[in-house]
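The values are calculated or read from the model by the stated rules, or taken from the named source; none is laboratory data. Values in this document were obtained by computation on a predicted structure and should not be read as measured data. We place every Cβ from the backbone using ideal geometry, glycine too, and count neighbours over all the protein chains shown. Heavy atoms of the whole protein, side chains included, go into the accessibility calculation; ligands, DNA and RNA do not. Shrake-Rupley method; radii C 1.70, N 1.55, O 1.52, S 1.80 Å.
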Amino acid sequence: MEAATGRKMEAVMELAERVKRIDVSPTMAVLMEAEKLKAQGIDVVDFGPGEPDFPTPEHIKRGAIKALEENRTKYTPAAGIAPLRQAICDWHRAQFGSSYEPAECIVTVGGKQAIFNAACSLINAGDEVVMGVPYWVSYPDIVKYAGGTPVLVETCADDDFCLRASKIEKAITRKTRIVIVNSPNNPTGAVIPPGEFARILEVCKRRGVWLLSDECYSHFVYGEERPYSAASLPGAKEQLIVAGSLSKTFAMTGWRLGYAFTPQPLVQALTKLASQSTSNPVSIVQYAALEALRGPMDSVRTMLAEYARRRERILAGLRAIPGITCTAPQGAFYMFPNVAAHLGARAADTSVVTRQLLEREHVAVVPGEAFGAPGHLRISYAASMERIEEGLRRLGRFFGQST
Ligand SMILES: Cc1ncc(COP(=O)(O)O)c(C=O)c1O
């Protein structure tokens with residue numbers, strides 16, 4: 001069949017190279033599979049989602065309702081309303097001791113847009129972006145979409161998956177443009193200690209590359225750890241991009257609100273990109289975010305206490321399953337057990353294990369392959385204690401049979 005232009009239909013349907021370079025987020029794919037089973041009435045234990053299972057706190061919801069009642073429903077500046085940019089700076093200063101002004105801040109459609117637009121603003125074809133493995137699923141695809149090449153730096157379970165400055169330095173070449181760090185880390189829960197962060201920043205400054213610090217899980221840290229931002233380091237601001245989000249901290253994943261801090265010229269580039277693509281983050285959500293940042297942090301503390309309880313339980317439960325080893329995560333809300341001992345004739349890799357787990361035991365997890373770490377599974381414990389107990393029973397049964 002020929003289209004009106006005379007071009008063959010296949011040529012009409014051919015997608016742009018930049019879109020062909022990327023894949024659908026594998027975590028979204030798991031979510032969709034689990035949803036299909038749930039729609040058939042099947043009782044799925046869903047350890048897939050990377051989002052809090054708590055509702056958004058009441059005072060934030062009321063902020064959105066009030067904004068609607070006051071007809072805050074028009075376009076806003078692409079970089080966000082002025083009071084919110086100020087509130088983000090104030091909140092970040094109070095939480096982490098940073099010192100940003102609103103001109104160094106942009107409000108974004110989730111932390112993901114901050115990372116995506118920063119990559120698109122800085123990367124030219126052939127530029128390299130250094131990141132740790134395991135990585136958050138979207139980093140390599142965002143870098144590839146922007147025309148860059150991801151350069152992977154190994155971390156290891158024996159070192160609690162901590163990304164080290166010495167390894168980053170070895171991976172930096174003349175083509176390196178950005179180093180991405182994510183602490184607390186998705187999927188490992190690794191937390192980079194302040195001293196290591198200072199060394200990473202020193203390497204980036206000395207080698208003339210940007211440090212992109214993704215602090216979307218900043219408030220979910222356990223034991224001795226305290227919420228921490230690279231922005232609090234002396235002299236940090238020059239080559240630093242902080243990507244932050246209200247998604248996890250305030251249980252607001254669906255609202256889509258994040259932010260970036262970075263020097264003004266880059267904020268202007270991010271704003272230009274937003275103005276030609278998404279325009280402003282949803283107006284009503286920006287007013288709700290004001291309530292989140294100016295209001296009490298009690299809900300965050302309550303969530304953290306509950307995650308801490310679940311973390312203990314699921315860690316003990318996983319470690320009790322023969323053939324599974326699991327590092328104790330210091331932050332976020334994921335376990336990243338190593339199940340390599342269970343691979344073999346019945347399952348060649350963890351993608352197969354994930355499929356079998358969903359089919360046989362109706363447990364949804366994300367395979368390590370999605371994070372560049374085959375042999376592992378990502379298990380989200382943003383699920384009730386009751387679901388965790390049930391999930392552990394099913395996992396025990398599954399791995400008991402598959403050895
Ligand atoms: C490490 C990491 N960074 C960034 C994001 C983006 O979050 P959002 O766009 O909802 O703020 C996520 C979401 O899962 C994440 O896990």
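Miscellaneous remarks
- Qualifying residue in the range 34-52 (condition: surrounded by fewer than 11 Cβ atoms within 10 Å (Cβ to Cβ) and either in contact with a strand residue (DSSP E or B) (Cβ under 7 Å, 6 or more places away or on another chain) or under 20 Å from Arg256 (Cβ atoms) (or both)): no
- Residues of the range 217-272 satisfying the condition of being more than 15 Å from Ser183 (Cα to Cα) and of a type in the set (Val, Ile, Thr): Thr253, Thr262, Val267, Thr271
- All positions within the range 90-139 that are of a type outside the set (A, V, I, L, M, F, W, C), out of contact with any strand residue (DSSP E or B) (no Cβ under 9 Å at 6 or more places or on another chain) and either more than 22 Å from Val209 (Cβ to Cβ) or within 12 Å of the ligand (Cβ to nearest atom) (or both): Asp90, Arg93, Gln95, Gly97, Ser99, Glu101, Pro102, Ser138
- The set of residues in the range 188-238 being within 22 Å of Lys175 (Cβ to Cβ) and assigned to a loop (DSSP other than H, G, I, E, B) consists of Gly208, Val209.
- For Glu17, the conditions (1) over 18 Å from Ala370 (Cα atoms); (2) at pLDDT below 90; (3) of a type outside the set (S, T, N, Q) all hold with the exception of (2).
- Of residues in the range 149-170 being under 24 Å from Asn117 (Cβ atoms) and open to solvent by 10 Å² or more (accessible area, probe 1.4 Å), the one farthest from the ligand (Cβ to nearest atom): Thr149
- Residue that is nearest to Ser183 (Cα to Cα), among those in the range 202-216 that are open to solvent by 10 Å² or more (accessible area, probe 1.4 Å) and under 22 Å from the mean Cα position of the chain (by Cα): Cys216
- Test: residue in the range 64-76 that is within 16 Å of the ligand (Cβ to nearest atom) and in contact (Cβ under 8 Å) with a residue 24 or more places away in the chain: no
- Number of the exception - Ala345 against (1) open to solvent by 30 Å² or more (accessible area, probe 1.4 Å); (2) modelled with pLDDT under 95; (3) under 25 Å from Leu163 (Cβ atoms): (3)
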